Structure formats: structure tokens, C-alpha cells
Amino acid sequence: MKLSLQGLTYYILFFILVMGFTFALTTNASGENEINYISITLSEGDSLWKVNEAFKEYHQLEFFEFVSWIENKNKVRSESLKPGDQLILPIKKEHYSKNLTAIASGE
């Protein structure tokens, strides 16, 4: 079976469109999720161990799950973190702000 130049062009355009839609959907989905989580900026002496200890009452993850989630979501390695780095944490803003309100009101 001979494939004409026009037929080949259609296949290439179809492939490009599918890849474009896939990229757009995955980029949009991950961006929407990030705005639902709290983020912090690391200070001198901070480590993921210290961050986990400070926020452990707001998540249900084991330490290694917590670190893995942060590394995957932020596309970083724990060994390469430095002061000033901003991290998204596996803590929903909605849950975190409710707890802060309860603490402030003495509940």
C-alpha cells in the first residue's frame, strides 16, 4: 500500500494535535491542583524532616511518603533544597486554614 504525501501529512497533523491536547490537559490539571495546597519558603537550617515535624498534624502521611510527595510535586530532590526555595506541601489550604481559625478562636 502506497502512502501519499497528503495522507502522510494528515497522519502527522493528527499526531501533533493529539500530543498538543494531551500536553494541554496534563498541564492544566496539575496547575489546578497546586493552588489547592499550601506552600512555604524554606529558611536557613530547614530540612524536610523539620517541615514534616512542623506540619505533621495537618497531613496523614508517613515521613517517607511526605518527602516523596514533595519531591514529585515540586520536581526537586531533598538533598538539593536551599534557603529561599518555595515548596508545595501535601496539605490542603482549606484544611489548614480551618485549623488555624480553630486554634485562633481557642476551639
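Readers should treat all values here as calculations from the given coordinates under stated rules, not as data from a laboratory. These figures come from a predicted structure and were not determined experimentally. Here Cβ is always computed from backbone atoms with ideal geometry, including for glycine, and neighbour counts include all displayed protein chains.
Listing for the model above:
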quantity	calculated
Counted charge near S47, where neighbours are those whose Cβ lies closer than 12 Å (Asp, Glu -1; Lys, Arg +1)	-3
By average C-beta atoms within 10 angstrom, highest first, the peptides 12-23, 54-65	54-65, 12-23
